[in-house]
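*Asks:* Pasting a structure below so you can have a look.
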Amino acid sequence: MNKLIQICKSPWLVMLTVLSLSCTSVMADRIKDLTTVAAMRSNQLIGYGLVVGLQGTGDGADVSFTAQSMKTLLNRLGVSMEGPLSDFETASSSGKLDIKNVAAVMVTAELPGFAKPGQKIDITVSAIGKASNLRGGTLLLSSLRGVDGEIYALAQGALTATGIDAAAAGSKVAIGVPTAARIPSGATVERIVDNPFDKADRIVLNVRESDFTTTNAIVSAINGRFGADVARALDGVSITLQAPQDLTQRVAFMSMVENMDVMPGEPTARVVVNAKTGTVVISRNVRVSAAAVTHGTISVSIAATNEISQPGPFSQGQTAAVQNAEVKVSEPNKPMFLFQPGVDLRQIVDAVNQVGASPSSLIAILEALKTSGSLRAELIVI
């Protein structure tokens with residue numbers, strides 16, 4: 001009995017127990033991180049507007065609809081653009097109004113679910129004319145419409161542009177995209193989007209990553225806590241919940257559901273390759289069947305030496321230029337590495353690092369393994 005008590009008091013046993021409990025809690029995810037409520041879907045908004053206050057980087061006289069929009073706006077504000085002076089200016093400028101401090105833009109935004117009138121949302125402003133820089137500009141009042149043509153938000157405010165475009169003496173430096181900018185909390189919601197959250201008998205949850213194992217685990221966890229048939233799986237993505245009719249109880253019920261911990265299913269084995277940056281991400285479940293791989297490149301170098309040939313004394317010859325070229329072909333001695341059946345991610349990385357493969361070489365090896373049928377994973381090239 002004393003020996004048993006001493007074993008239980010062993011610090012190593014306590015540490016292993018704590019580690020095992022922490023590993024178990026780390027593997028579990030909250031339902032709110034795995035699913036989204038179908039009624040909370042967002043909606044896209046779009047609008048047209050004018051940005052003023054630019055430092056001569058606007059559309060200028062080459063974009064007709066910018067001048068037309070500016071005339072219409074000024075007429076609405078009581079500034080008349082008609083009359084003899086306007087006709088003279090139009091005739092002298094060949095019908096073009098040169099406005100260098102104004103740019104026509106498209107305004108886009110994402111209206112979150114349950115957004116109420118008076119709330120603020122972020123907007124993105126993008127030039128559609130010949131404006132070269134939107135830095136320092138101010139967006140005039142613009143209406144944002146949904147797919148049904150109704151106005152759901154009004155946008156206005158100073159732009160926040162991170163791009164820089166500077167040119168002088170024939171040199172030009174551009175950092176980022178200066179023709180696109182954002183306005184944090186730049187639009188005010190004016191209309192509610194109807195959703196079935198307070199009317200429907202059942203609430204629909206959509207799993208972010210389609211997986212039957214994750215869907216089944218969520219249904220089992222909810223039914224195990226609230227009773228049978230509270231949650232039903234429609235397919236590998238959608239789950240319906242029998243929610244209370246009272247809105248206060250319904251909100252409390254969804255709060256308890258989204259904070260429940262669930263053990264999700266293992267993701268699909270994938271290898272994601274970014275061909276532009278050379279980035280390769282390999283998931284933990286990737287396996288490779290038996291295969292032998294070698295990778296090498298042939299390099300050809302040409303060295304040219306220019307020399308001057310002088311004629312001998314009293315030979316009456318002419319000085320001539322002579323070019324000597326030396327061509328070398330080299331092929332590095334790359335060892336071949338062998339993949340045993342069912343190797344895991346660590347063995348794949350160790351084998352590739354052993355031969356010193358570069359990111360581009362690793363991409364070529366993975367594509368060749370996929371073509372040969374040895375790579376047991378989905379290869380995604382972005």
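*Asks:* Look through K276, K334 and report the one residue that is out of contact with any strand residue (DSSP E or B) (no Cβ under 7 Å at 6 or more places or on another chain), modelled with pLDDT under 70, in a loop (DSSP other than H, G, I, E, B) and open to solvent by 50 Å² or more (accessible area, probe 1.4 Å).
*Replies:* It is K334.
*Asks:* Tell me, which strands (runs of 3 or more DSSP E) lie completely within the range 202-254 with 3 or more residues that are surrounded by 16 or more Cβ atoms within 10 Å (Cβ to Cβ) and touching a Ser or Thr at 6+ places or on another chain (Cβ under 9 Å)? Spell out the reasoning first.
*Replies:* On the way: elements: 202-207, 231-233, 238-242.
Correct list: 202-207.
*Asks:* Let me ask you something else. Answer yes or no as to whether Q119 is under 30 Å from T36 (Cα atoms) and at pLDDT 85 or above.
*Replies:* It is true that Q119 is under 30 Å from T36 (Cα atoms) and at pLDDT 85 or above.
*Asks:* When the residues of the range 164-177 are filtered to those that are of a type outside the set (V, I, T) and under 29 Å from the mean Cα position of the chain (by Cα), which remaining residue is surrounded by the fewest Cβ atoms within 10 Å (Cβ to Cβ)?
*Replies:* K172
*Asks:* Using the structure shown, decide if R232 is touching a residue at least 12 places away in the same chain (Cβ under 8 Å) and in contact with a Pro (Cβ under 7 Å, 6 or more places away or on another chain).
*Replies:* Criteria not met by R232.
*Asks:* Scan the range 178-195 and report the pairs whose first residue is on the phi > 0 side of the Ramachandran plot and open to solvent by less than 90 Å² (accessible area, probe 1.4 Å) and whose second residue is charged (D, E, K, R) and part of a strand (DSSP E or B), with Cβ atoms within less than 7 Å and a gap of 6+ or a chain change.
*Replies:* Within 7 Å, the pairs are S185/K120; S185/D122.
*Asks:* Hey, among the residues in the range 111-132 that are assigned to a loop (DSSP other than H, G, I, E, B) and open to solvent by less than 20 Å² (accessible area, probe 1.4 Å), which one's nearest to P196 (Cα to Cα)?
*Replies:* A115
*Asks:* Let me ask something additional. I'd like the full set of residues that are part of a strand (DSSP E or B), open to solvent by 40 Å² or more (accessible area, probe 1.4 Å) and in contact with a Ser or Thr (Cβ under 9 Å, 6 or more places away or on another chain), limited to the range 30-66.
*Replies:* Once the filter is applied, which keeps residues that are part of a strand (DSSP E or B), open to solvent by 40 Å² or more (accessible area, probe 1.4 Å) and in contact with a Ser or Thr (Cβ under 9 Å, 6 or more places away or on another chain), the range 30-66 yields Q44, I46, Y48.
*Asks:* Can you report the number of residues in the range 229-272 which are within 30 Å of T371 (Cα to Cα) and among the acidic types (D, E)?
*Replies:* The first filter runs over the range 229-272 and keeps only residues within 30 Å of T371 (Cα to Cα), leaving 236, 265-272.
If we keep only those that are among the acidic types (D, E) too, we end up with 266.
Of the residues in the range 229-272, 1 are within 30 Å of T371 (Cα to Cα) and among the acidic types (D, E).
*Asks:* Same structure again: Which ones in the range 255-265 are part of a loop (DSSP other than H, G, I, E, B) and either exposed (fewer than 12 other Cβ atoms within 10 Å of the Cβ) or touching a strand residue (DSSP E or B) at 6+ places or on another chain (Cβ under 6 Å) (or both)?
*Replies:* N259, P264
*Asks:* Any residue at all in the range 75-82 that's modelled with pLDDT under 90, open to solvent by less than 80 Å² (accessible area, probe 1.4 Å), within 30 Å of D211 (Cβ to Cβ) and in contact with a helix residue (DSSP H, G or I) (Cβ under 9 Å, 6 or more places away or on another chain)?
*Replies:* Checked the range 75-82: no residue is modelled with pLDDT under 90, open to solvent by less than 80 Å² (accessible area, probe 1.4 Å), within 30 Å of D211 (Cβ to Cβ) and in contact with a helix residue (DSSP H, G or I) (Cβ under 9 Å, 6 or more places away or on another chain).
The values are calculated or read from the model by the stated rules, or taken from the named source; none is laboratory data. Here the structure is a predicted model, which is why all the values come from computation and not from measurement. Note that each Cβ is placed from the backbone with ideal geometry, even for glycine, and that neighbours are counted across all protein chains shown. Accessible surface is based on the protein model in full, side chains and every heavy atom, while ligands, DNA and RNA are left aside. Shrake-Rupley method; radii C 1.70, N 1.55, O 1.52, S 1.80 Å.
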